[in-house]
1. Which residues, taken from the range 100-110, are assigned to a loop (DSSP other than H, G, I, E, B) and either touching a Pro at 6+ places or on another chain (Cβ under 9 Å) or buried (at least 18 other Cβ atoms within 10 Å of the Cβ) (or both)?
2. Picking from Leu166, Leu137, which residue would you name as being touching a helix residue (DSSP H, G or I) at 6+ places or on another chain (Cβ under 7 Å), more than 16 Å from the ligand (Cβ to nearest atom) and part of a loop (DSSP other than H, G, I, E, B)?
3. Can you name the condition, by its number, that Ile96 falls short on among (1) out of contact with any helix residue (DSSP H, G or I) (no Cβ under 7 Å at 6 or more places or on another chain); (2) in contact (Cβ under 8 Å) with a residue 40 or more places away in the chain?
4. If I go through the range 62-95 residue by residue, how many of them are part of a strand (DSSP E or B) and near the ligand (Cβ under 6 Å from one of its atoms)?
5. Mind listing whichever residues of the range 55-78 are more than 14 Å from Asp118 (Cβ to Cβ) and in contact (Cβ under 8 Å) with a residue 40 or more places away in the chain?
6. Consider the range 29-54. How many of its residues are more than 16 Å from the ligand (Cβ to nearest atom), touching a residue at least 40 places away in the same chain (Cβ under 8 Å) and in contact with a Leu (Cβ under 9 Å, 6 or more places away or on another chain)?
7. So which helices (runs of 4 or more DSSP H) stay within the range 169-252 end to end and still have 2 or more residues that are under 17 Å from the mean Cα position of the chain (by Cα)?
8. Does the range 215-228 contain any residue that is without any contact (Cβ under 8 Å) to a residue 40 or more places away in the chain, farther than 15 Å from Thr161 by Cα, of a type in the set (D, E, K, R) and assigned by TED's automatic domain parsing to the domain that holds Asn179?
Amino acid sequence: MATPVLDKVEADSAASPYITVTFRIRRFNPEISDEAQWQDFQIEIDPKERVLDGLHKIKWDVDGSLTFRRSCAHGICGSDAMRINGKNRLACKTLIKDINPEKPITVEAIKGLTVLKDLVVDMEPFFQAYRDVMPFLITKGNEPTRERLQSAEDRERFDDTTKCILCAACTSSCPVFWNDGQYFGPAAIVNAHRFIFDSRDEAGEQRLEILNDKDGVWRCRTTFNCTDACPRGIEVTKAIQEVKRALITRRY
Ligand code: FES
C-alpha cells in the first residue's frame, strides 16, 4: 500500500502542467559564420507560459549565448518583437498554448532590418524614420501660462495612435519595407498621425510634406500586414489612409 507521502508525489506528477516543446530558433553569429542556421532546443514548459519564458529557459539553462532583447516582459517596452511561427509578435505576449506547441515553434528576427546576432536587429534605420517625422508637440508663439486645453472629441481623434510602443512589428511586417529600407514604414507614419491630428500641434503641414516624399506615405500598398502585426491593436492601415487623405484635402 502506498504511503501518504508517495500518494502526494504521484498526484503531483500526474497533475504536472509541463509539456515538452521544441523551439526552432534561427541563430546568427557573425563571429562564427556569415550564414544563419536553425537550431532546435527541447524544453519542458507549462503551455500557459509565454514564448519569452521559453527563451529565458534556453538562455539561462541550456545555451547562454542565445541573444535577444527584452526589458519589461509585460508588453510595454516593445523590445522583444520577433517572428514567431512566421508572424510578428511580442514574445512576452505570446502564450505557448496559443501557437500549437505540438509542432516546433519557429523563432527568428524581424525582417527588413540587419540582423546583428540571433534575434537582435539593428533598429537605427527604424528610429531614424521615427525621428524624421518629428514625434513631439510643435507650437508657435510664447509659452502659455497654463496647460493647453483640448476637448474630449479632439483627444479622441488621435487616441489610437498614442498606443504605439515602437516595437517595429508593423514596419518589419511590411513587404514594401522588406524590399526597400528607404520607406518610412508604418510606425513612423503612425507617430506622425499622432501629432498631425492633435489640435494643439501646429506643424501638421510640415509633417505632411515630409510624408509626401517618394519614400513616404504613398509607398503603402494597403496590405494590412501592419494592422495584423500590431500587438497594441492599433488600426495602422487606417491611420496611414487618414494621413493620405489629409495630404489630398489638407484637412486634419
Ligand atoms: S519585453 Fe517589453 S514589450 Fe515585451
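The values are calculated or read from the model by the stated rules, or taken from the named source; none is laboratory data. Everything quoted here is computed from the prediction, not taken from an experiment. When we count neighbours, we look across all protein chains shown, and the Cβ atoms used for this are built from the backbone with ideal geometry, even at glycine.
1. To start, the set of residues in the range 100-110 that are assigned to a loop (DSSP other than H, G, I, E, B) comprises 100-104, 109-110.
If the condition is that a residue be assigned to a loop (DSSP other than H, G, I, E, B) and either touching a Pro at 6+ places or on another chain (Cβ under 9 Å) or buried (at least 18 other Cβ atoms within 10 Å of the Cβ) (or both), then Pro101, Ala109, Ile110 are the ones that fit.
2. Details: Leu166 fails: more than 16 Å from the ligand (Cβ to nearest atom).
Matching residue, one of Leu166, Leu137: Leu137.
3. Status for Ile96: all satisfied but (1).
4. Keep residues of the range 62-95 that are part of a strand (DSSP E or B), which gives 81-84, 87-90, 95.
So of that shortlist, the ones also near the ligand (Cβ under 6 Å from one of its atoms) come out as 90.
Selection size over the range 62-95: 1.
5. Within the range 55-78, Gly75, Ile76, Cys77, Gly78 qualify.
6. 3
7. Working: elements: 175-179, 186-196, 204-211, 225-229, 236-249.
Where helices (runs of 4 or more DSSP H) fall fully within the range 169-252 and carry at least 2 residues being under 17 Å from the mean Cα position of the chain (by Cα), they are 175-179, 186-196, 225-229, 236-249.
8. Taking the range 215-228 as the starting set, the residues that turn out to be without any contact (Cβ under 8 Å) to a residue 40 or more places away in the chain are 215-218, 222, 224.
Subsequent filtering for residues that are farther than 15 Å from Thr161 by Cα retains 215-218, 222, 224.
Filter once more, so that each one left must be of a type in the set (D, E, K, R): 215.
Restricting the remaining residues to those that are assigned by TED's automatic domain parsing to the domain that holds Asn179 gives 215.
Yes, the range 215-228 contains at least one residue that is without any contact (Cβ under 8 Å) to a residue 40 or more places away in the chain, farther than 15 Å from Thr161 by Cα, of a type in the set (D, E, K, R) and assigned by TED's automatic domain parsing to the domain that holds Asn179.
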